[in-house]
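The structure appears below as structure tokens.
The values are calculated or read from the model by the stated rules, or taken from the named source; none is laboratory data. For clarity, every value in this text was computed on a predicted model and none was experimentally measured. For neighbour counting, all protein chains shown are included, and Cβ atoms are generated from backbone atoms with ideal geometry for every residue, glycine included.
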Amino acid sequence: MNSLHRLLETPVPGDFTATLAHEILNPLSTINLSLEMIISEAKEDDLKIYLDIIRRSTNRINDLVNQIIKNHNGNEAQVANQSIHHLLDEVVEMAQDRILLKNVAVRKEYDPTDYIVALNRLKMKIALTNIVVNAIEAMAPKRGELKVVAMPFAGKYVVQIEDNGCGISEKNLKKIFQTDYTNKPGGLGIGLASTYDILASNNVKVHVESQEGSGTLFFLLFDKSYAPQPGNKPD
């Protein structure tokens, strides 16, 4: 038994990331092939809509895994200049199927001045998507509104992601970034914990306010931001 405990505590080799990614891609390929066959035979428009949602979701997993492999192999720059507005638009677009299924409204309020920030694009998209998806899942179907705000603040740049969902109790609000904490059935308690780590590694400060029955508001303060100047374009 002690040997098993030591085995569990042994660090996993770095190349296991690539191996795991490869193993994820194999069943995804099978799922996509099966979906294509079902879609080609589907007759009802409603059925095709949901099948398309499944196909887009599997494609996003495929793209994400490929990005992980590229980063693992050092084929892509870890940090590059990014447009905050473009990044937020991409995240909302990635969550579009969940928005459609929940039938929630989306309101985007961006300051005319976009900001360019040096970020790890892949990781920041994961972090922001986690926040947006949690917001969508917290809202009731057909009555929810997701609000995304981006604006200058005190010489920096702030992003607000707000929902009018079920909210979080004061007791649980203190624990949302802790590993293993979750209030979702079957949840692993990894999403917001990893989100916090990603934000911190990109010099983004986070503050959360919530009230049970009213909703939750995430404040993200981008510390290393600067207004675009001629020639400063997102990579």
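Restricting segment 188-197 to residues that are modelled with pLDDT under 80 and either surrounded by 13 or more Cβ atoms within 10 Å (Cβ to Cβ) or farther than 22 Å from Lys125 by Cα (or both) leaves a set whose member that is nearest to the chain's Cα centre (by Cα) is Gly191.
Considering segment 144-159, the residues that are in contact (Cβ under 8 Å) with a residue 12 or more places away in the chain and surrounded by fewer than 17 Cβ atoms within 10 Å (Cβ to Cβ) include one that is nearest to the chain's Cα centre (by Cα), namely Glu145.
Rundown of residues vs (1) under 19 Å from Ile126 (Cα atoms); (2) in a helix (DSSP H, G or I); (3) modelled with pLDDT of 75 or more; (4) not aliphatic (A, V, I, L, M), yes/no style:
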| site | (1), (2), (3), (4) |
| --- | --- |
| Thr19 | no, yes, no, yes |
| Leu47 | no, yes, yes, no |
| Asp52 | no, yes, yes, yes |
| Ser57 | yes, yes, yes, yes |
| Asn66 | yes, yes, no, yes |
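Considering every residue within segment 198-221, establish whether at least one is aliphatic (A, V, I, L, M), surrounded by 20 or more Cβ atoms within 10 Å (Cβ to Cβ) and in a loop (DSSP other than H, G, I, E, B). No - not one qualifying residue is present in segment 198-221. Of everything listed in (1) at pLDDT 90 or above; (2) surrounded by fewer than 17 Cβ atoms within 10 Å (Cβ to Cβ), the single unmet condition for Pro185 is (1).
Tallying residues that are surrounded by fewer than 19 Cβ atoms within 10 Å (Cβ to Cβ) and either among the charged types (D, E, K, R) or more than 26 Å from Gln78 (Cα to Cα) (or both) within segment 111-135 yields 3. Scanning segment 111-124 for residues that are at pLDDT below 90 and in a helix (DSSP H, G or I) gives Arg121, Leu122, Lys123. Scoring Gln229 on the criteria (1) at pLDDT 90 or above; (2) part of a loop (DSSP other than H, G, I, E, B) leaves a single failure, condition (1).
Taking the options Glu170, Glu137, Glu162, name whichever one is among the acidic types (Asp, Glu) and at pLDDT below 90. After ruling out the rest, the residue left standing is Glu137.
Surrounded by 10 or more Cβ atoms within 10 Å (Cβ to Cβ), among the polar types (S, T, N, Q) and either modelled with pLDDT of 65 or more or farther than 27 Å from Ile126 by Cα (or both): does that describe Ser29? So Ser29 fits the description; yes.
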